[in-house]
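A quick write-up on the structure given underneath.
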Amino acid sequence: EAGVAQSPRYKIIEKRQSVAFWCNPISGHATLYWYQQILGQGPKLLIQFQNNGVVDDSQLPKDRFSAERLKGVDSTLKIQPAKLEDSAVYLCASSLIPGTANTGELFFGEGSRLTVL
Amino acid sequence: AQSVAQPEDQVNVAEGNPLTVKCTYSVSGNPYLFWYVQYPNRGLQFLLKYITGDNLVKGSYGFEAEFNKSQTSFHLKKPSALVSDSALYFCAVRDITGGGNKLTFGTGTQLKVEL
């Protein structure tokens, strides 16, 4: 079974530039997540989609971050303009829709490491 | 809000010795608890989970975790550590408030297994 695919794996940009990350979840997983992992910290949820609707974006800095999941499959996360503090690994994860048959396990991609200079 | 705490930033253990990585939780309702491992420059890999039932949960790579309701703990254990177990370990709790299904992670514990 193919896992969660993310690209690019690494990106270096200067502050105030823009960047976009792409994620393709596991086939059949209706729920998709973007997490931000800053060095030395645990992953923090930025946004959660169920199909192509947003379930939770309470911790997404909406003045500079945006995400979309058109057609309920692939997703892109964009940062514009980037700040130094956005340097982090951006992890995409997917899962089945929560329910009695789904115990909440998330499957993660390899991550996209962003360095803002 | 649901949360987990990992009190140790780093745990050092000699190869062949037992290891324990600590996690405590704070939840309303029944806890759904998870352990994930992260190797350098990789994503998070699922190790094991506690949903209900036996307090001792067995997972991948010989790891197990003990759920203790009275102490609100979910410590990760392994009887005999390997150098290859050296990695960053995260405890997480499922949060279904607001109709979501997110995992809230601890700050992580770096495990170093030495020869």
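Brief remarks on what is shown
- Scoring B:53-59, A:108-114, B:28-34 by mean Cβ neighbours within 10 Å over their residues and listing the highest first yields A:108-114, B:28-34, B:53-59.
- In order along segment B:65-76, the Karplus-derived 3J(HN,Hα) couplings, from 6.51 cos²θ - 1.76 cosθ + 1.60 at θ = phi - 60°, round to 9, 10, 8, 10, 5, 5, 9, 6, 10, 8, 7, 8 Hz, and Gly and Pro are given as x.
- Pairwise label distance in nanometres, A:ALA5 with B:LEU56, each label 7 Å out on the Cα-Cβ vector: 4.3
- Environment charge of A:THR115, counting only residues whose C-beta is closer than 14 Å and scoring Lys/Arg +1, Asp/Glu -1: +2
- The alpha carbons of segment B:52-115 stretch over 47, 24, 21 Å along the principal axes, in descending order.
- 5 angstrom amide H check on A:ALA5, placed H, neighbours 5+ away: A:ASN24
- In chain B, the alpha-carbon atoms span a convex hull of 100 Å³ per residue.
- Descending principal axes extents, segment B:1-57, alpha-carbon based, whole Å: 37, 26, 20
- Remark: spin-label model distance A:ALA20-B:GLU64 equals 5.0 nm, labels positioned 7 Å along the Cα→Cβ axis.
- Alpha-carbon gyration tensor eigenvalues x 5, square-rooted, for the protein assembly as shown, Å: 30, 21, 15
- Electrostatic tally near B:PHE67: other residues with Cβ closer than 11 Å to its Cβ, Lys and Arg +1, Asp and Glu -1, net -1.
- The HN-Hα couplings worked out from phi for segment B:39-46 by the Karplus form 6.51 cos²θ - 1.76 cosθ + 1.60 (θ = phi - 60°) are 8, x, 6, 10, x, 7, 10, 5 Hz, whole numbers, x standing for Gly and Pro.
- Over segment A:1-82 - Rg/Rh using Cα atoms and the Kirkwood inverse-distance radius: 0.96
- Distant-in-sequence amide H partners of B:THR107 (H built 1.01 Å from N, under 5 Å): B:GLN6
- Its relative contact order, with pairs defined as Cα atoms under 8 Å and 6+ residues apart, puts chain A at 36 percent.
- Net charge contributed by nearby residues that have their C-beta within less than 15 Å of A:TRP22 (K/R +1, D/E -1): +3
- Cβ-based exposure ranking for A:ARG16, A:ARG69, B:ARG94, B:ARG42, in which fewest neighbours within 10 Å come first: A:ARG16, B:ARG42, A:ARG69, B:ARG94
Every read-out reported here was derived from the displayed coordinates using simple, explicitly stated rules and does not represent laboratory data. Just so it is clear, the model here is predicted, and its values are computed rather than measured. With ideal geometry, Cβ positions are generated from the backbone for all residues, glycine too; neighbour counts draw on all protein chains shown.
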